[in-house]
1. Mind checking whether some residue in the range 351-360 is in contact (Cβ under 8 Å) with a residue 40 or more places away in the chain, at negative phi, touching a Ser or Thr at 6+ places or on another chain (Cβ under 9 Å) and assigned to a helix (DSSP H, G or I)?
2. Among the residues of the range 167-181, are any closer than 23 Å to residue 135 by Cβ and either at pLDDT below 90 or over 29 Å from the mean Cα position of the chain (by Cα) (or both)?
3. Kindly indicate which of 343, 369 is within 30 Å of residue 14 (Cα to Cα), out of contact with any His (no Cβ under 6 Å at 6 or more places or on another chain) and basic (Lys, Arg).
4. Which members of the range 228-251 meet the condition of being buried (at least 21 other Cβ atoms within 10 Å of the Cβ), hydrophobic (A, V, I, L, M, F, W, C) and more than 10 Å from ligand 2 (Cβ to nearest atom)?
5. Taking interchain pairs and intrachain pairs at least six residues apart, which have beta carbon atoms under 7 angstrom, with the first residue in the range 375-389 and touching a residue at least 24 places away in the same chain (Cβ under 8 Å) and the second outside any helix (DSSP H, G or I) and among the hydroxyl-bearing types (Ser, Thr, Tyr)?
6. I'd like to check which strands (runs of 3 or more DSSP E) are fully inside the range 11-127 and have at least 1 residues that are within 16 Å of ligand 2 (Cβ to nearest atom) and not acidic (Asp, Glu).
7. Return the residue satisfying two criteria in turn: it lies in the range 210-227 and is hydroxyl-bearing (Ser, Thr, Tyr) and away from ligand 2 (no atom under 14 Å from the Cβ), and of such residues it is farthest from residue 69 (Cα to Cα).
8. Is it fair to say residue 137 is touching a residue at least 60 places away in the same chain (Cβ under 8 Å) and of a type in the set (A, V, I, L, M, F, W, C)?
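The values are calculated or read from the model by the stated rules, or taken from the named source; none is laboratory data. The shown structure was predicted, so the numbers you read here are calculated from the model rather than taken from an experiment. Here the Cβ positions follow ideal geometry from the backbone for every residue, glycine too, while neighbour counts run over all protein chains shown.
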Amino acid sequence: MEHNLVLYNTLTRKKEKFDPIYPGRVGMYVCGPTVYSDVHLGNCRTFVSFDLIFRYLLHLGYKVRYVRNITDAGHLEGDNDEGDDKFSKKAKLEQLEPMEIVQKYTIGFHDVLRMFNTIPPSIEPTATGHISEQIEMIQQIIDNGYAYEVNGSVYFDVEKYIEAHNYTILTNRNLDDLLNNTRELGGQDEKRGRLDFALWIKAKPEHIMRWPSPWSVGFPGWHIECSAMSRKYLGDQFDIHGGGMDLAATHHTNEIAQSEACNHTTPAKYWMHTNMLTVNGARMSKSAGNGFLPLELFSGDHSLLTRGYSPMSVRFFMLQAHYRSTLDFSNEALDAADKGYKRLMTAVSLLDKVEPSKKSDFGGIEQLRKRSYAAMDDDFNSPVLIAELFEAVRLINSIYDGKTSISSDDLIAFRSFMHEFVFDILGLKNDLGGSSDDTDSLMQLIIDLRNEAKKNKDFVTSDSIREQLTAIGIQLKDSKDGTLWNKI
Ligand code: AMP
Ligand code: ZN
């Protein structure tokens, strides 16, 4: 089938035909998490959105190299060369080594994304693993005249850069407004211009994460890691650079400036930004205190939640909104998504069960397939695709009820259509009806043993049962009606 994939490019502020630099191949870089605490549901929305994009590109037959980094150094609290290093601060608070913090939250991040059924990226580079590449890039920027050293720290010279480049090309902001609105920030006394940002920061004596460099023992700025790692694995210029919308104004603006100053070319052809998950209209974030943890959502263990939701219902909830629209979190919206998800899964299972007829009054699925591709080709429009899939659900129910008959060939085509779009492209999996009678009785046995242990005040055993079940993806929930279990 001929495809005409169109995507919205933040750089040009319009939808453009997707035309990769090397035919048949796609290089995609997405800014990954800063692993100093648990990822919240908002972060997950961004990674699920790029998972949909990754899956669709793979489905279309592209050979995709998907690079998503782990930020494990250099990200300061203020995002802007001010405040403590996020890792060192958390390490002191939890009395751990910074790399223990990194390890703990990287594992947690992977566990959560696995529950959401995302496909791992092709390469997942870490900032600490690429210090020499960052130093090399900083040196090239200095050599090209776009950065300067002061007291062992290196800053990017934005004023020099804007002489020949459009610094705000990504977000189209007015440069004068930007200059006037920039607060005095930490390290400002060393900077020549207000918009200058750090490429290398000399470590204060108390700073734990530090590396030698030509300028000082210190650590890299946050923005340079993505420029250095995307260049290393995808080249000076690649197809797609993505991240949450909140990253465009500073992080991505500075990435473009660094790459231009170093390689004399803009790093990515298409910039894609996902919109925010909000709670009562406010962006979900760690600092605002409205950051749900995915595990809280799965178990229902949160004051704002009336019950828990399975990871696949939550994934479906996310996919029901277009990635460039905001998505507001509420119990009602999740309930509706949960129902929709279950209806879809039940229909797919029914379709796998129905028998073909000799005579067929089924019109075929070519039109449905065409419309479904049209939805995805239009900037990955998953809500429109889902509406088409519900059209398919109506057809399936009509076949199941005997109102429509379907031939064997049509049935095979219909089944493969549903599997491709529901499982391969939307990345859902069927977590309904997973419990056979056997599993139910086995689980009851385990729950009884745990209750027995609790009664005998053997909490080591009862906690260990719960933890071991969690480790294999089964969650126990104690309620007044007894202990319930579900798969997570
Ligand atoms: P961080 O760990 O803060 O570096 O963020 C990881 C990713 O999550 C980035 O691409 C952010 O843009 C994205 N992100 C942060 N908050 C939200 C939110 N409320 N909704 C969607 N994406 C978000
Ligand atoms: Zn980045």
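1. No, the range 351-360 has no match at all.
2. Scanning the range 167-181, I find no residue that is closer than 23 Å to residue 135 by Cβ and either at pLDDT below 90 or over 29 Å from the mean Cα position of the chain (by Cα) (or both), so the answer is no.
3. Numbers: 343 fails: within 30 Å of residue 14 (Cα to Cα).
Residue meeting the stated conditions: 369.
4. 228, 234, 238, 240 - these are the residues of the range 228-251 that are buried (at least 21 other Cβ atoms within 10 Å of the Cβ), hydrophobic (A, V, I, L, M, F, W, C) and more than 10 Å from ligand 2 (Cβ to nearest atom).
5. Note: pairs meeting the criteria are 379/8; 380/323.
6. 25-30, 63-68
7. 216
8. On the way: touching a residue at least 60 places away in the same chain (Cβ under 8 Å): yes; of a type in the set (A, V, I, L, M, F, W, C): yes.
Taking the combined requirement at face value, the residue satisfies it.
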